[in-house]
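Right, one structure below, let's go through it.
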2 protein chains.
Amino acid sequence: MIKKISGGVCAPKGFRAYGVHCGIRKNRVKRDLALILSDVRCTAAGVYTTNLVKGAPILVTKAHLADGFAQAVIVNSGNANTCNDNGVEIAEQMCRLVEQHTGVPAADVLVASTGVIGQKLSIDPVAGGMEELVGGLTAEAEGSSAAAEAIMTTDTVRKEAACTFTLGGKTCTIGAIAKGVGMICPNMATLLLFVTTDAAISSEMLQRAISCDVKSSLNMLSVDRDTSTNDTFCILASGLAENEPITEEGHAFAVFCKALHTVTSGLCRLLASDGEGATKLIECTVKGAKTVQDARAAAKAVVCSDLLKAAIFGSDANWGRVLCALGYSGADLDVTKLDVDFRSRAGVVPVCRGGAGVAFSEEDAKRVLSEKEIYIDVGCNEGRGSATAWGCDLTYEYVKINGDYRT
Amino acid sequence: MIKKISGGVCAPKGFRAYGVHCGIRKNRVKRDLALILSDVRCTAAGVYTTNLVKGAPILVTKAHLADGFAQAVIVNSGNANTCNDNGVEIAEQMCRLVEQHTGVPAADVLVASTGVIGQKLSIDPVAGGMEELVGGLTAEAEGSSAAAEAIMTTDTVRKEAACTFTLGGKTCTIGAIAKGVGMICPNMATLLLFVTTDAAISSEMLQRAISCDVKSSLNMLSVDRDTSTNDTFCILASGLAENEPITEEGHAFAVFCKALHTVTSGLCRLLASDGEGATKLIECTVKGAKTVQDARAAAKAVVCSDLLKAAIFGSDANWGRVLCALGYSGADLDVTKLDVDFRSRAGVVPVCRGGAGVAFSEEDAKRVLSEKEIYIDVGCNEGRGSATAWGCDLTYEYVKINGDYRT
């Protein structure tokens with residue numbers, strides 16, 4: 001039984017977090033520096049952007065995670081520390097500052113940055129903010145919220161999730177914070193996602209769990225098809241739930257993966273809903289494809305189509321754009337067998353059967369598509385592959401935000 | 001010596017064209033039916049969309065082109081005749097109407113449609129418009145213009161091009177009309193492009209010429225990364241220029257291909273400039289890549305990035321987005337060697353050298369990026385592969401047009 005709870009990264013046993021405004025963002029008083037600290041050394045794993053241009057913090061985090069252990073995560077927003085010649089040096093300095101203020105060795109500190117690419121990140125505001133940051137660390141839910149706020153860029157809401165589950169009679173917890181909104185088309189990871197758990201699980205199995213999970217969670221999410229340079233998804237497991245440590249595949253690992261997916265897929269919906277400028281969540285589920293890979297390619301293409309996204313913004317039941325996206329998705333589909341429904345809490349409108357249009361009431365369609373959460377259900381009628389992808393509508397606001405992001 | 005001239009598809013010897021309003025579009029009195037007719041049977045070739053969902057006219061055109069010959073092209077706008085269960089029947093009826101009114105066998109007629117997907121196309125307005133259409137056919141430039149207008153959807157300007165060149169002392173001409181604007185990310189062809197020439201050239205060499213040309217012309221063009229269901233690029237060669245027929249590779253074929261590229265690349269710029277809602281042309285040239293394929297992938301990724309497109313709309317020199325796109329393009333690049341300049345007729349602003357930012361005047365950058373044609377020059381400093389891609393900015397108007405396209 002997986003139960004959703006509050007508390008974010010502070011929900012699992014042994015984790016404290018906090019976030020402060022240290023001044024990286026000059027034009028806006030918003031928290032911009034976050035720290036997640038475990039009481040004990042954790043097994044840990046990460047997945048990162050596939051972009052060849054990688055943020056300097058990713059290089060440092062990868063090195064620090066090479067041994068499969070970590071104890072803290074420091075993150076700043078407002079500057080991506082990417083495409084700067086001193087980037088690695090600054091990212092390492094951030095880890096050393098954590099060591100100086102908490103005693104956790106720099107080699108057990110993970111680091112991430114998000115914000116503008118190609119502007120040098122000064123270490124001064126980070127150094128100046130450390131005392132307040134470490135002093136504020138708390139295991140209460142407020143700590144997670146402050147950290148979640150500190151990693152936001154153009155996000156309009158904090159992204160937190162947590163759930164409990166049981167392993168061999170022990171209650172375990174997984175918690176997470178994330179940030180998203182722009183440059184979101186993760187491939188192996190989302191922009192920033194930090195997960196904590198008190199489950200006892202080896203580094204190797206943690207890595208296997210998240211590498212598998214992203215295929216049906218973060219890799220199925222797109223705001224704008226731009227794969228960021230700084231995507232990072234890290235997980236820390238404190239083991240304080242005292243379950244029998246998970247060291248191989250089997251029932252316990254399956255339960256853990258399911259709980260993990262509850263958290264990550266929930267965050268995907270939240271990340272899509274809060275896509276830059278978005279007014280609507282678009283969730284596309286493809287069923288009956290020849291393979292899961294076909295279903296994934298098809299679902300992802302639909303939520304990625306600018307034309308479809310703009311039509312959803314305008315509540316226009318332009319299902320031809322769904323067919324078009326399915327057709328160029330690369331999925332192996334029989335286009336004469338495709339069924340498409342538009343659905344929301346206001347009802348369901350079947351628009352296509354066997355690849356051809358069916359008559360529908362434009363009025364009904366408008367009502368269904370005027371809701372905040374739009375579901376596009378695609379039936380392939382060929383096999384058993386299914387997948388869900390998340391995206392958002394394309395709006396004037398997206399263009400506005402990104403027409404003048406740096407200033 | 002390749003010389004650009006006016007006259008579009010009517011510029012080469014032996015071609016007449018015209019366009020009329022037959023009433024497929026009910027809410028707007030705009031020409032919506034076009035015909036291109038050759039005085040003689042032509043060698044011909046075509047390339048089509050790679051989308052699995054293919055417009056019915058493509059199936060008919062492919063069948064009619066199987067023998068490498070054609071004499072006429074009929075095209076309607078306002079309805080894509082795609083995802084309709086009677087689509088092929090209607091497309092064949094359109095060809096038979098041409099036979100009835102001109103005497104050209106239906107099997108030598110090519111057909112194309114563009115507009116809304118999934119609404120049945122009635123043959124009635126087409127049948128009703130044939131007499132006026134055939135009666136208006138002319139070899140004057142006005143014929144090409146009327147046809148070019150008739151294939152427009154949300155296009156704001158007609159797309160025509162033509163040029164002359166010399167083969168063995170004979171003056172040859174290539175002319176073309178095209179339409180673009182939305183659902184533009186052709187893969188083997190653009191939405192609709194019809195090319196005529198009076199050069200004598202075999203069907204096989206024509207096919208080779210256009211299949212090769214699209215790699216550096218239409219396949220390098222994107223308005224919204226949505227590959228249409230109806231992309232069609234057909235070429236008809238009347239042979240009336242009386243040059244020694246081109247039947248193999250060599251000097252004459254190379255000259256022909258160069259002239260063809262003059263026409264197609266010019267139309268790519270025009271198609272990108274008039275992208276739905278666009279206010280600016282974006283032309284990205286990548287030089288010094290390891291291979292041509294790397295250069296193409298890199299250049300295309302830049303002009304496809306919504307984030308970069310929105311930044312250009314806002315005249316924001318956010319070069320980090322160029323680096324980001326290059327990084328996820330799939331091209332094999334050394335990111336530490338990348339140079340980037342923003343350029344327009346107002347000047348050049350170097351923004352990145354060796355993968356890291358260089359200081360530049362925001363004021364200068366704003367002035368350069370406020371122009372109508374923006375050039376992004378990328379230097380890879382690794383090899384000799386180069387390529388150019390064309391796109392446009394992402395604007396409020398794009399969202400507006402596509403939020404309510406059907407009504």
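The values are calculated or read from the model by the stated rules, or taken from the named source; none is laboratory data. What you are looking at is a predicted structure, and each value in this text was computed from that prediction instead of being measured. Cβ: placed from backbone, ideal geometry, glycine included. Neighbour counts: every protein chain shown.
When region B:246-290 is filtered for residues that are of a type in the set (Asp, Glu) and more than 14 Å from every other protein chain (Cβ to nearest Cβ), the ones remaining, listed by number, are B:Glu248, B:Glu249, B:Asp274, B:Glu283. From the list A:Thr114, A:Thr50, the lone residue that is surrounded by fewer than 18 Cβ atoms within 10 Å (Cβ to Cβ) and within 18 Å of the chain's Cα centre (by Cα) is A:Thr50. Of everything in region B:301-324 that is within 7 Å of another protein chain (Cβ to nearest Cβ) and out of contact with any Gly (no Cβ under 9 Å at 6 or more places or on another chain), the residue that is surrounded by the most Cβ atoms within 10 Å (Cβ to Cβ) is B:Cys324.
Scanning region B:75-102 for residues that are at pLDDT below 95 and small (Gly, Ala, Ser) yields B:Ser77, B:Gly78, B:Ala80, B:Gly87. Against the list (1) buried (at least 24 other Cβ atoms within 10 Å of the Cβ); (2) out of contact with any Phe, Trp or Tyr (no Cβ under 6 Å at 6 or more places or on another chain); (3) of a type in the set (A, V, I, L, M), the condition A:Ile58 fails is (2). Residues of region A:362-390 that are surrounded by fewer than 18 Cβ atoms within 10 Å (Cβ to Cβ) and closer than 13 Å to A:Ile312 by Cα: A:Lys366, A:Arg367, A:Ser370, A:Glu371, A:Lys372, A:Glu373.
Restricting attention to region A:367-396, the residues that are at the interface with another protein chain (Cβ under 10 Å from one of its Cβ atoms) and not aliphatic (A, V, I, L, M) add up to 3.
Do the conditions hold for B:Pro105, that is, is it at pLDDT below 95, in contact with a strand residue (DSSP E or B) (Cβ under 9 Å, 6 or more places away or on another chain) and more than 14 Å from chain A (Cβ to nearest Cβ)? So B:Pro105 does not fit the description; no.
Per this entry, A:Thr173 is not counted among residues that are surrounded by 17 or more Cβ atoms within 10 Å (Cβ to Cβ), within 14 Å of another protein chain (Cβ to nearest Cβ) and not small (Gly, Ala, Ser). Which residues, counting only those in region B:164-182, are within 16 Å of the chain's Cα centre (by Cα) and under 15 Å from B:Phe15 (Cβ atoms)? Those that are within 16 Å of the chain's Cα centre (by Cα) and under 15 Å from B:Phe15 (Cβ atoms): B:Ile174, B:Gly175, B:Ala176, B:Ile177. Considering only residues in region A:291-300 that are surrounded by fewer than 24 Cβ atoms within 10 Å (Cβ to Cβ) and within 14 Å of another protein chain (Cβ to nearest Cβ), the one that is farthest from the chain's Cα centre (by Cα) turns out to be A:Asp294. One residue alone among B:Val335, B:Val348, B:Val358 is within 8 Å of chain A (Cβ to nearest Cβ) and aliphatic (A, V, I, L, M), and that residue is B:Val335. With farther than 25 Å from B:Ala178 by Cβ and of a type outside the set (D, E, K, R) as the only criterion, which of B:Ala297, B:Ala310 stands out? Testing whether each residue is farther than 25 Å from B:Ala178 by Cβ and of a type outside the set (D, E, K, R) leaves just B:Ala310. Of the strands (runs of 3 or more DSSP E) entirely within region A:301-407, those holding at least 1 residues that are without any contact (Cβ under 8 Å) to a residue 40 or more places away in the chain, farther than 19 Å from B:Glu397 by Cα and more than 24 Å from the chain's Cα centre (by Cα) occupy A:339-344, A:347-353.
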